[in-house]
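Here is the structure we will look at.
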2 protein chains.
Amino acid sequence: MINTAILGYGTVGSGIAEVLTMNGELIAKRAGDRLEIKHILDLRDFPGDPFESIITHDFEDILNDDSIKIVAEVMGGVEPAYTFTKKLLQKGVSVVTSNKELVAAHGPELIAIAASTNANYNFEASVGGGIPIIRPINTSFTADEILEISGILNGTTNFILTKMTAEGTSFDVALKEAQDLGYAERNPEADIKGFDPCRKIAILASLVLGKTVDYNDIYTEGIDKITPVDLEYVKKLNCALKLVASLKLLDEGVFVKVTPLMIPMAHPLSMVNDSYNAVFVKGNAVENTMFYGRGAGKLPTASACVADMVDSARNLGKNVKIDWSSEKVQLMPLDNTPVNALIRVKYNSEKDARNACSEVFSGCKFATLNHCFDEFAVLVENETEGSLSEKCAALKEKSAVSDIANIIRFEN
Amino acid sequence: MINTAILGYGTVGSGIAEVLTMNGELIAKRAGDRLEIKHILDLRDFPGDPFESIITHDFEDILNDDSIKIVAEVMGGVEPAYTFTKKLLQKGVSVVTSNKELVAAHGPELIAIAASTNANYNFEASVGGGIPIIRPINTSFTADEILEISGILNGTTNFILTKMTAEGTSFDVALKEAQDLGYAERNPEADIKGFDPCRKIAILASLVLGKTVDYNDIYTEGIDKITPVDLEYVKKLNCALKLVASLKLLDEGVFVKVTPLMIPMAHPLSMVNDSYNAVFVKGNAVENTMFYGRGAGKLPTASACVADMVDSARNLGKNVKIDWSSEKVQLMPLDNTPVNALIRVKYNSEKDARNACSEVFSGCKFATLNHCFDEFAVLVENETEGSLSEKCAALKEKSAVSDIANIIRFEN
């Protein structure tokens, strides 16, 4: 028997208890021993809950119990999770987590502490919920130079974009529905502004590069400016619009961005709908791969946490090296990063505005919607973010152009 | 430095040499030491090849070189690969392979030998080429009871079906094109008859169940009977036709089948086109997941082999347990397994034939194609393979029915 504890008895915490109960025998076989939940830390009481008797409000009960070998930290947020995790790892207790905020903020420090005490700090559930992606990066893509990771890493925004695409609804209506269904928080900012996928791609990028990508350095745009008209252009061009968090390694450097992105229907990410997540990984040997699944939810997230607990059980007393140092990665300046874009141009005079576009963006293509009589879209390729901004500013100065309604990046 | 050898300098073998050269430094960092190729076994000579000087025609050169710690066996076929692998593992040398025939035929024996000598026998590349699927089953889905694995595991047949669907070409024309492009062998039987995916699903099913699924027990149907008219029905019903190898765990038992399968466009497997492969895995906690990528090809397959070599290097002298015993799994008799089917009915009298269908398959649905004046399709659900056969035989007896042109299974 291996004694374990859970910090936080919310959705994921209760999911972990459920998975360990439901699949206990299978898990024991794979872990080499039975995983027993001895304590659950939560501020609340849970009268009538099957685990009511082992709920504690005091973290010291867990820290001071020397029989505890593995702890699942699923409280969320940086504190007190950071302090608790540090104390456990310093004591040689392995910790698994779904806490992307904590991993993105303090990953390398916690990994180093675990290494120093022959414990393990695993965080498969922090990115892509149930989708195995962290372990594959650490153990399956070891023959490759990874050239790109592009992920749909937030189920809420993917649900909203899928809804808006399928039904032509506005962002606000789709967000309301996501909230009513429990997919979106009452305060949905972390999702719709892209802060959540930003932290997740920071974790993946750090693992790929072996150094720290600071999430504060990542250019991040959400989906709250997306309109039904934007999505009509996207459909007309046989693409899907997704909130994509990506890392790319170019000869000139490394960049990481989180932005809405128009993806051609032939690309596997284009078919990832509803609240599903997916991570596209391109290596110089393995070529294109994609991992698809539930990016959130009680049991899928718990599945990844418990798989990490099994891994910890298989490696009790032995640290499995994770290559992520605290050295900071210098990302390419945003202005230098490559970009393709669809620019929605509002005009006073169509002909003059088209001429103005062709003058500013030589060789650009045009797209129009039948029912839009005061705008067209310009498709420009092989720009940089810097040149795109400059040229859009120049375009706005043209008298034939009344406004730029939106700019949507696209992938070829 | 860790000395290694390659058995077989064909497509995959030369790919391994290429990956180890191209990504040598990264691989050394991840493996903890440089992987050096000391011998390559092949019957041929390779004048002018960068590895010309280390080619040997004699396996004993490798077996008797005590400095060799890891060997990649990429010869294909059961013998002499089986004998060579056994001798190496018995000596404590770790072996990685892409050889699905050998793994399907002798996996548990070779795994047991490796365990007894503290070596490892890894075979990620034997299923799904570059797609990480074996390691995720062994290390990532450890919290789940896996309920289903459904894979598009053969790139040649997927290329042919994609071609037939997109262009309305016949099977023969699409096969010819696959051969001309080098996707299909001159003798394409192993692919088009489904023997190749049959061995691959036998390997996955054995790993999921921890016991041996004998590939001889798996009902296997190829794609050579598929016609353009079949595919018109498939399209009309908003589905895609794929050659699917699947394992399902039901309350009544376990079944494994390889058949063409009509898949609704909302299912992630439906969008796996061209020569891509994918494996859909459903667990009772993780829910639906899918792994997508190149199922074959020089570098993708080599990527999986080299990742296994890195894993072997990280675990030199220490066996990593693989749960696959030689005990045989008793599969459900085919006749008892559940099935839905589209039955193409040729008729003498449409009205009478429809009545006959409704009589035999109560509650069945119908589909028609505009240009087909002597047939319709019947859609039947919740049958067993046994009841389906019986009822189709009964239908054929009806005077209004002249023939059954084809039967296509489908997934809801």
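No value in this document is a laboratory result; all are computed from the given coordinates. Computed from a prediction, not measured in an experiment: that's the story for all the values here. All Cβ positions, glycine included, derive from the backbone under ideal geometry; neighbour counts span all protein chains shown.
Remark: mean inter-chain Cβ contacts per residue of B:275-286 equal 5, using a 10 Å Cβ-Cβ cutoff to other protein chain atoms.
Considering only chain A, the C-beta nearest to the rotation axis that sends A to B is found at A:Met271, 2, the distance in whole Å. Charge dipole (Cα centre; +1 on Lys/Arg Cβ, -1 on Asp/Glu Cβ; no other charges) of chain A amounts to roughly 640 debye. Sorting the segments B:170-177, B:256-263 by their mean number of nearby beta carbons within 10 angstrom, highest to lowest, gives B:256-263, B:170-177.
Identify all lysines with a Cα-Cα distance to B:Lys242 below 23 Å; exclude those on the same chain that are fewer than 8 residues away in sequence. Within reach: B:Lys100, B:Lys163, B:Lys176, B:Lys193, B:Lys200, B:Lys225, B:Lys257, B:Lys282, B:Lys365. Residue by residue, region B:166-179 carries 3J(HN,Hα) couplings of 6, 10, x, 6, 6, 4, 4, 5, 5, 5, 4, 5, 4, 5 Hz when phi is fed to the Karplus relation 6.51 cos²θ - 1.76 cosθ + 1.60 (θ = phi - 60°); x denotes Gly or Pro.
Position A:Glu327: other-copy label points at 5.0 nm, ordered by increasing distance, label point 7 Å along Cα→C-beta. Across region B:201-214, rounded Karplus estimates of 3J(HN,Hα) from the backbone phi angles (6.51 cos²θ - 1.76 cosθ + 1.60, θ = phi - 60°) give 5, 4, 5, 4, 5, 5, 5, 5, 8, x, 9, 8, 8, 6 Hz, Gly and Pro being marked x. Here region B:379-398 is scanned for amide nitrogen atoms under 12 Å from the site 7 Å beyond the Cα of B:Asn412 along Cα-to-Cβ, giving B:380-383.
Computed extension gain for A:Asp49 through A:Ala112, at 0.36 nm per residue and net of the alpha carbon distance, reaches 19.0 nm.
In order along region B:377-382, phi translates into HN-Hα couplings of 10, 10, 10, 10, 10, 6 Hz, rounded to whole numbers, per the Karplus curve 6.51 cos²θ - 1.76 cosθ + 1.60 with θ = phi - 60° and x for Gly and Pro.
For chain B, the relative contact order comes to 18 percent (Cα pairs under 8 Å, sequence separation of at least 6). Mean partner shielding of peptide B:262-272, defined as the number of other chain Cβ atoms within 10 Å of each residue Cβ, is 2. Name the residues of region A:88-109 whose amide N is less than 13 Å from a point 7 angstrom out from the Cα of A:Asp33 along the C-beta direction? Only A:94 pass the distance filter.
In region B:334-410, taking the dipole from charged Cβ atoms about the Cα centre, the farthest positive-side position among B:Val339, B:Leu369, B:Ala394 is held by B:Leu369. The antiparallel fraction among DSSP beta bridges confined to the protein assembly as shown stands at about 70%. Inter-chain Cβ neighbour count for A:298-308, averaged per residue, equals 5 (cutoff 10 Å, partner chain atoms only). Placing +1 on each Lys and Arg Cβ and -1 on each Asp and Glu Cβ, with no other charges, gives region B:55-155 a dipole about its Cα centre of roughly 120 debye. For A:Glu167, the label point sits 7 Å beyond Cα toward Cβ; its separations from the matching points on the remaining copies run 4.1 nm, from shortest to longest.
With K and R counted +1 and D and E -1, the other residues having a Cβ less than 12 Å from that of A:Leu243 yield a net charge of +2.
Since only B:Phe84, B:Gly128, B:Thr157 are under comparison, the one whose Cα sits farthest along the positive direction of the charge dipole of region B:79-211, derived from C-beta charges on Lys, Arg, Asp and Glu, is B:Phe84. With contacts taken as Cα pairs under 8 Å and at least 6 residues apart, region A:335-410 reaches a relative contact order of 52 percent. Could you state the number of Å between the C-alpha centres of region A:386-405 and region A:143-209? If you average the Cα positions of each part, the centres end up 29 Å apart. Here the peptides A:196-208, B:54-66 are ranked by packing, the mean other Cβ count within 10 Å, and the order with the highest first is A:196-208, B:54-66.
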